[in-house]
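This report concerns only the one structure given below.
The values are calculated or read from the model by the stated rules, or taken from the named source; none is laboratory data. For clarity, every value in this text was computed on a predicted model and none was experimentally measured. In this analysis, Cβ positions are derived from the backbone assuming ideal geometry, glycine residues included, and neighbour counts consider all displayed protein chains.
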Amino acid sequence: MLDFLALAYPWTKFLHIISVISWMAGIFYLPRLFVYHTEQDLDETTDQLFQTMERRLLRGIMNPAMIATWVFGLALVFTPGIVYWGDVWPWLKAISVLAMTWFHHWLGLRRKDFVRGDNTRSGRTYRMMNEVPTLLMIVIVASVVVKF
C-alpha cells in the first residue's frame with residue numbers, strides 16, 4: 001500500500017491541491033452569501049433563492065471538496081518520506097485544517113439557521129467571520145511551503 005502511495009504521489013498532490021482550491025472557493029463565498037442574505041429586505045421568493053444557492057454551494061461543492069481534501073491530504077500524510085512529525089509545520093498545518101473544518105461545519109449550522117428563519121447574526125458578523133479562513137489559509141500555506 002505504501003509503495004502505491006509513493007508511486008501515486010504526484011497525482012495525489014495534484015488532486016489534493018485541486019480539492020483545496022474548490023473547498024476554499026466555497027468557504028470564502030458562503031459567508032458572503034450570508035452577508036447578502038442578512039442585509040436584504042427579502043420577500044419569500046428571494047429568501048428561497050438565497051437558501052437554494054447556499055444549500056447547493058454547501059452540499060454540491062464545499063462538502064465534496066472538503067471530503068476530497070481530507071482523503072487526499074491523509075493519503076499524502078501516509079506517503080513515505082513526505083511528512084516528518086518531528087517538525088513543527090505538520091502539527092501547525094493539522095491544527096489549522098481542523099480549525100478550517102470546524103469553520104466549515106459552523107457555516108453549515110448557520111445555513112440551517114436561515115432555513116428555520118432563526119438567523120440572529122448580522123452581516124458584520126459574517127464579514128468578520130469571513131476573515132477566519134483567510135488567516136487559516138495563510139498559516140497552512142506558510143507551514144507547507146516554508147516548513148518551519
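Anything in the stretch 39-91 that is of a type in the set (Phe, Trp, Tyr) and loosely packed, with under 12 Cβ neighbours inside 10 Å? List them, or say none.
84, 85
Please go through the stretch 123-148 and pick out each residue that is within 16 Å of residue 30 (Cβ to Cβ) and either out of contact with any helix residue (DSSP H, G or I) (no Cβ under 6 Å at 6 or more places or on another chain) or touching a residue at least 60 places away in the same chain (Cβ under 8 Å) (or both).
123, 125, 126, 127, 128, 129, 130, 131, 133, 134, 137
Among 111, 56, 121, 32, which is the only one that is more than 27 Å from residue 147 (Cβ to Cβ), among the charged types (D, E, K, R) and touching an Asp or Glu at 6+ places or on another chain (Cβ under 7 Å)?
111 is the lone residue from the list that is more than 27 Å from residue 147 (Cβ to Cβ), among the charged types (D, E, K, R) and touching an Asp or Glu at 6+ places or on another chain (Cβ under 7 Å).
Is it true that some residue in the stretch 75-92 is part of a helix (DSSP H, G or I), modelled with pLDDT of 95 or more, within 30 Å of residue 52 (Cα to Cα) and in contact with a helix residue (DSSP H, G or I) (Cβ under 7 Å, 6 or more places away or on another chain)?
no
Against the definition (among the aliphatic types (A, V, I, L, M), modelled with pLDDT under 95 and either farther than 19 Å from residue 124 by Cβ or touching a Cys at 6+ places or on another chain (Cβ under 8 Å) (or both)), how does residue 7 come out, yes or no? Break it down into steps so the answer makes sense when it comes.
Values: among the aliphatic types (A, V, I, L, M): yes; modelled with pLDDT under 95: yes; either farther than 19 Å from residue 124 by Cβ or touching a Cys at 6+ places or on another chain (Cβ under 8 Å) (or both): yes.
Yes: the conditions hold for residue 7.
Being among the hydroxyl-bearing types (Ser, Thr, Tyr) and surrounded by 13 or more Cβ atoms within 10 Å (Cβ to Cβ) is the filter; apply it to the stretch 123-148 and report the residue that is nearest to the chain's Cα centre (by Cα).
126
Please pick out the residue among 59, 55 that is part of a helix (DSSP H, G or I), touching a residue at least 12 places away in the same chain (Cβ under 8 Å) and among the basic types (Lys, Arg).
Result: 55 is the single residue among 59, 55 that is part of a helix (DSSP H, G or I), touching a residue at least 12 places away in the same chain (Cβ under 8 Å) and among the basic types (Lys, Arg).
Checking the conditions here, which among 25, 94 is surrounded by 12 or more Cβ atoms within 10 Å (Cβ to Cβ), within 24 Å of residue 141 (Cα to Cα), among the small types (Gly, Ala, Ser) and free of Cβ contacts under 8 Å to residues at least 12 places away in the same chain?
Just one listed residue meets the conditions, 94.
Quick check on the stretch 117-138. Is at least one of its residues under 30 Å from residue 3 (Cβ atoms) and part of a helix (DSSP H, G or I)?
no
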